[in-house]
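The structure under discussion appears below in the form of structure tokens.
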Amino acid sequence: MRALVEQSRSAAAPYRVVKVFSDKPAAAGLETARNLGIPAQALTGIPGGDRAAFEHELAAAIRGCSPRLIVLAGFMRILSAPFIAEFRGSILNIHPSLLPKYPGLHTHRRVLEARETQHGATVHFVTEELDAGPAVIQARIAVTPSDDEAGLAARVQVQEHRIYPLAVAWFCEGRLRCEAGQAWLDGKALSAPVQLTEEAHDR
């Protein structure tokens, strides 16, 4: 979230962050956003309420901002099919693995346990299936013998800060869209996500 806000301050940035929401009142990101001058709000739903109540509140708050794009960053709730249907094609997420490998949690640990030689992060559109929406861009890093879970997570996060603002910019420039279950970039359906390596420059 901080990387998205900071990169939006560039004179050439095609987007701006209008508001930050969290489902956790104590989330550090709320204070970070406010310190960066971005309105921030915790939404917890009706006390004792269910997911539908929370998502009703969240959807209403989002509508109040009229954003072109919803960007999930560290948001760990699984969104329901009705919520996704309302905002279909305008929700991006970032996942710390080279999807479709390792959806879900504990990706860095699972990569190390599987002795993978490559790891990374994927930006994708959100659909009803967890971590399975059309992939837009991936950043790849080599897994080294000295990597542990914390170090690998930190290296992947550096790449997340490169590719997420890039994907958001593409969307807000009108270059990226989700249509018919596919991600499209510059008028062409992506048969595979755009690939960046640690050494590559942003496209």
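At a glance:
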| read-out | value |
| --- | --- |
| Global geometry of the chain, whether rounded, prolate or oblate, following the gyration tensor of its Cα atoms and the 1.5 cut on a/c | rounded |
| Cβ-based exposure ranking for SER10, SER97, in which fewest neighbours within 10 Å come first | SER10, SER97 |
| Two-site label geometry, LEU69 and ARG175: point separation in nm, points 7 Å out along Cα→Cβ | 1.0 nm |
| Helix 51-65 axis, angle to the chain major axis (alpha carbon atoms, nearest 10°) | 90 degrees |
| The stretch 162-172 - phi-based ³J(HN,Hα) in whole Hz, Karplus 6.51/-1.76/1.60, Gly and Pro as x | 7, 8, 5, x, 5, 5, 4, 4, 4, 4, 6 |
| Fraction of antiparallel bridges per DSSP, the chain only, in percent to nearest 5 | 65 percent |
| Cα→Cβ-extended label distance, 7 Å offset, between ALA61 and VAL158, nm | 3.4 nm |
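Each reported figure results from applying straightforward, stated rules to the coordinates on display, with no laboratory input. Source: prediction; values computed, not measured. For neighbour counting, all protein chains shown are included, and Cβ atoms are generated from backbone atoms with ideal geometry for every residue, glycine included.
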